[in-house]
Protein chains: 2
Amino acid sequence: MLKPEILDPQGRAVQGALGRLGLSGVADVRQGKQFVIELEGDLDDARRATLEELAGELLSNPVIENYTMTVVNDEAGA
Amino acid sequence: MLKPEILDPQGRAVQGALGRLGLSGVADVRQGKQFVIELEGDLDDARRATLEELAGELLSNPVIENYTMTVVNDEAGA
């Protein structure tokens, strides 16, 4: 997701389109990327640290983007 | 997010890169778009229906993509 201080022209265009197509009161729209990464085995601390590093430097551009990471357990007991 | 039966070359490329950069056991990566839409006022049923329609036909391509919508209450009592 682009940092709040970075202009997001695509988000701005979507905001305008939503208003014209009948959704009133849209205060802001920001567009970003999403990666769904499926891992085999457990996510231990070392793998999680590697993943955080790669998310911050490979999958996002740290100059203009922030990222958030959410861990979802797909299997019971995982 | 691209439907599961649609090939995702960008996700495949990220999967390969993660493996080469030290993250083992990456089973699958899918890349998609994310829109953060900030609304003024309450999200009543009519606005929600409009938003679902626009999400399914404007923000995503229903031929090749699925979408999910998550509502987050930003303010207390909202």
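The values are calculated or read from the model by the stated rules, or taken from the named source; none is laboratory data. As the structure is a computational prediction, the values presented were derived from the model and not from experiment. Glycine gets a Cβ as well: all are built from the backbone with ideal geometry, and neighbour counts include every protein chain shown.
Among the residues of the range B:37-74, how many are in contact with a strand residue (DSSP E or B) (Cβ under 7 Å, 6 or more places away or on another chain), surrounded by 15 or more Cβ atoms within 10 Å (Cβ to Cβ) and within 11 Å of another protein chain (Cβ to nearest Cβ)? Total satisfying the criteria: 3. Kindly check whether there is at least one residue in the range A:34-57 that is in contact (Cβ under 8 Å) with a residue 24 or more places away in the chain and either under 15 Å from residue B:35 (Cα atoms) or touching a Gly at 6+ places or on another chain (Cβ under 9 Å) (or both). Taking every residue of the range A:34-57 in turn, at least one turns out to be in contact (Cβ under 8 Å) with a residue 24 or more places away in the chain and either under 15 Å from residue B:35 (Cα atoms) or touching a Gly at 6+ places or on another chain (Cβ under 9 Å) (or both). Please work out if residue B:16 is modelled with pLDDT under 90 and not aromatic (Phe, Trp, Tyr). It is false that residue B:16 is modelled with pLDDT under 90 and not aromatic (Phe, Trp, Tyr). Scan A:8, A:28 and give me the residue that is within 7 Å of chain B (Cβ to nearest Cβ), surrounded by 13 or more Cβ atoms within 10 Å (Cβ to Cβ) and without any contact (Cβ under 8 Å) to a residue 60 or more places away in the chain. Only one candidate qualifies: A:28. With respect to (1) at the interface with chain A (Cβ under 10 Å from one of its Cβ atoms); (2) in contact with a strand residue (DSSP E or B) (Cβ under 8 Å, 6 or more places away or on another chain); (3) closer than 30 Å to residue A:52 by Cα, the lone exception for residue B:17 is condition (2). Please work out which residue is farthest from residue A:26 (Cα to Cα), limiting yourself to the range B:13-38 and to residues that are under 18 Å from the mean Cα position of the chain (by Cα) and aliphatic (A, V, I, L, M). Only one residue fits best here, namely B:14.
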